[in-house]
1. So how do 53, 98, 218 rank on accessible area, 1.4 Å probe, biggest first, that is with the largest at the start?
2. Residue 92: accessible area at probe 1.4 Å, nearest 10 Å²?
3. Rg/Rh for the chain to two decimals, with Rh computed the Kirkwood way over all alpha-carbon pairs.
4. Find the centroid of the Cα atoms in segment 167-186 and in segment 65-137, then give the distance between the two in whole Å.
5. What distance in nm lies between label points placed 7 Å from Cα along the C-beta direction at residue 193 and residue 105?
6. When the dipole is taken about the Cα centre of the chain, and only Lys, Arg (+1) and Asp, Glu (-1) are charged at their Cβ, what size is it in debye, to the nearest 20?
7. Rank-order 219-227, 247-255 by packing density, defined as the average count of other C-beta atoms within 10 Å over each peptide's residues, highest first.
8. Considering only protein heavy atoms and a 1.4 Å probe, what is the carbon-and-sulfur percentage of the accessible area of segment 131-267?
Amino acid sequence: MRSFGRISAAVSALALVSGPAMAGEGAFGFLSGDWYLTLGATGMVAPRFEGSKKYLFSAQPIISLGKAGNDVRFSSRNDNISLALIDDGGVRAGLNGKIIFGRDAEHELQGLHDVRWGGEIGGFFEFYPTDWMRARAEVRHGIRAHSGIVADIAVDAFHDVTPEIRVSGGPRVSFASDDYFDTYYGVSAQEAAASGISQYDPSGGMRAAGVGGAITWKATDNVTASLFGEYSRLMGSAADSTIVRERGSRDQLTIGVSTSYRFDFKL
């Protein structure tokens with residue numbers, strides 16, 4: 001996240017939520033039926049980069065395309081691209097992905113390596129232990145941006161104050177492998193000399209723990225708006241990184257608003 005209007009991780013709101021094609025249906029049979037397209041925008045104040053103590057405002061697009069099927073009882077802005085292969089209403093599991101944008105070595109990161117744009121692919125699993133709570137886990141492997149493994153776990157309780165207004169929130173925790181930490185939190189001897197940041201060689205483990213919540217307003221069947229906030233505390237190798245200790249902060253806060261419109265169509 002660097003400037004207003006930059007396309008960033010919100011593109012990962014792109015969700016292909018559907019059940020598997022029936023045997024003998026074929027690819028074109030799967031494409032036929034009811035679909036939806038959701039377009040919108042998010043404005044947020046968030047750290048300049050993961051671990052930064054400086055904040056900036058950015059605007060991000062919301063693009064969500066999916067095949068209509070079983071109604072998803074709850075979704076979060078933290079959910080990444082998902083294609084459900086199992087979906088019985090109470091349990092969903094399938095493929096998962098995320099778009100990652102680059103990190104330039106500028107400002108307080110001058111002298112460190114650039115992080116290339118890329119993505120993460122893997123799988124997700126979610127279930128509802130009660131009618132008002134959802135637990136979700138994602139495990140993804142990095143492509144191009146990094147070569148590590150990331151695991152995110154979130155539990156959200158949700159309550160409909162009125163038929164149009166829902167409040168939700170709960171804890172989040174994230175883990176990563178040493179390859180991920182090397183990319184975003186490591187400092188080599190050469191980089192230490194160039195940047196003035198002490199050398200650091202991280203290991204894998206817990207990355208962050210925190211809490212998030214949102215107030216969502218369903219203005220019409222097609223228009224949705226929300227106010228959200230996320231707080232996370234960097235842990236383990238992320239918190240111990242010299243980038244964070246000498247130039248950044250363990251405390252990461254994101255606050256924003258979003259609005260979107262859903263178009264329904266048939267193929």
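1. On the way: 53 120, 98 65, 218 95 Å².
If we order 53, 98, 218 from most to least accessible, we get 53, 218, 98.
2. About 10 Å², rounded to the nearest 10.
3. On the way: Rg = 19.4 Å, Rh = 19.6 Å.
Expressed as Rg/Rh, it is 0.99.
4. 13 Å
5. Here the modelled spin labels are 1.3 nm apart.
6. Values: 26 positive and 30 negative charges, 97 e Å.
Magnitude of the dipole: close to 460 debye.
7. Working: 219-227: 13.4, 247-255: 17.6.
Packing order, densest peptide first, comes out as 247-255, 219-227.
8. On the way: 4090 of 6770 Å².
About 60 percent, which is the carbon plus sulfur part of the accessible surface.
The values are calculated or read from the model by the stated rules, or taken from the named source; none is laboratory data. Note that the structure is a prediction, hence the values are computed from the model and not measured. Cβ: placed from backbone, ideal geometry, glycine included. Neighbour counts: every protein chain shown. All accessible areas refer to the heavy atoms of the entire protein, side chains included, with ligands and DNA or RNA removed. Shrake-Rupley method; radii C 1.70, N 1.55, O 1.52, S 1.80 Å.
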